[in-house]
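Peer 1: Here's a structure for you.
Each reported figure results from applying straightforward, stated rules to the coordinates on display, with no laboratory input. Predicted model only: the values in this text are computed from it and were never measured. Glycine also receives a Cβ, built like all others from the backbone with ideal geometry; neighbour counts cover every protein chain displayed.
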């Protein structure tokens, strides 16, 4: 099959003659059609980067969200690649992927024409079935994950727990983070924070006036915003008792990142390099954005190449193993991603009308264990371990959440169901 921006070829045609053939056809690395909203997103300006004040908006999203370490005024910390990348072979005869949305049939190419997709990669049992880069992106771009980073933070917590640096998930955060002593977040347990069930009211509407905006401004060092810890300590109102209810709150992952650093005595970039990136065979360096106080922004600022996001998805599909090495403790990973292991209030269709919530992972209401890493504006990794299927999407959707515009989120879910149906996965509930 041929996707705009990259070719995935499943025949016996010689690799040597393939570029010549495609060039002759006018297909090599050339978009067949205009990409959605490409002018709004900055094509005529070669997808500019912007700066620390403008990187989030149009026309800077494509450029900045794939190279945040090059944006002036933003501090990052390197996560080093492996000396020898692990193999991601291409499937020799990749099947076509189709899906249905609102009673109409679509192809994968249709999806790319309909949604603002900067990167798409599908794995089946560790082989690339489809790979696409949009808006002039290439395979060395490091895509901003937004809240997919929360799941990365959870995996590091699991390693720290297995290594004894975190003694128990039922320890309170202030056992490790002394600056939170005497605050409600400090009194929350690591397990409650993993499930976003502190019961504290932290607003996250993405309207620039909410608590996540306050925390983001403090993390960026905005004048008058205070420090991130001051913002965390200011959250005192409750909507529920601790541990009873899931309510999405990025502050809880920020606290987890601080627990991780305090418990291990090392920064998150070092831990990500040693515990995940190098042993899983990452092909490219990754990086964390760093707050003004030196803490990695654990709740939404990890950046990695599309193939390395796929390698992370494959690690999860393999239940935390690379070869014979168990990188993520299996019991912890199942607690994090298995809907059957969750208390009733956190199961699918209970925590939310559709998803359940584990330890910083979204859980789908399917019989086969199926879970998702999600970030605002369309960043996603779907994983169904039993079928060996992983779908990675990086995007520049206009809306931050489905509350603002549900259409892209609905169609993304339809695409995932189509991937499952096209490639031998299970959609049974």
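Peer 1: What angle, in degrees between 0 and 90 and rounded to the nearest 10, separates the Cα long axis of helix 211-220 from the longest principal axis of the Cα atoms of the chain?
Peer 2: 80 degrees
Peer 1: Shifting gears a bit: Counting only C-alpha contacts under 8 Å and six or more residues apart, can you give the relative contact order of the range 141-201 as a whole percent?
Peer 2: 23 percent
Peer 1: With angles folded into 0 to 90 degrees, how steeply does helix 148-162 sit against the dominant principal axis of the chain? Use alpha carbons for both and round to 10.
Peer 2: Helix 148-162 sits at roughly 60 degrees to that axis.
Peer 1: May I ask you to sort 328, 157 by Cβ crowding, counting other Cβ atoms within 10 Å and putting the fewest first?
Peer 2: 328, 157
Peer 1: How do 147, 198 rank when sorted from fewest to most other Cβ atoms within 10 Å of their own Cβ?
Peer 2: 147, 198
Peer 1: Over the range 293-429, what is the relative contact order in whole percent, taking alpha-carbon pairs under 8 Å and six or more residues apart?
Peer 2: 18 percent
Peer 1: Over the chain, with a Gaussian network built from C-alpha contacts below 10 Å, which listed residue (224, 320, 388) shows the highest mean-square fluctuation?
Peer 2: Looking only at 224, 320, 388, the biggest GNM fluctuation is shown by 224.
Peer 1: What order, most packed first, do the peptides 252-259, 57-64 have when packing is the mean number of other Cβ atoms within 10 Å of each residue?
Peer 2: Going by the mean number of other Cβ atoms within 10 Å, highest first, we get 252-259, 57-64.
Peer 1: One quarter of the convex hull surface, Cα atoms only: what value does that give for the range 91-177 in nm²?
Peer 2: Average projection, Cα convex hull of the range 91-177: 9.9 nm².
Peer 1: Roughly what percent of Cα-Cα pairs across the range 126-226 reach past 19 Å?
Peer 2: Every Cα pair in the range 126-226 considered, those over 19 Å come to 63 percent.
Peer 1: Working from Cα positions, state the angle (0 to 90°, nearest 10) between the long axis of helix 250-264 and the longest principal axis of the chain.
Peer 2: 80 degrees
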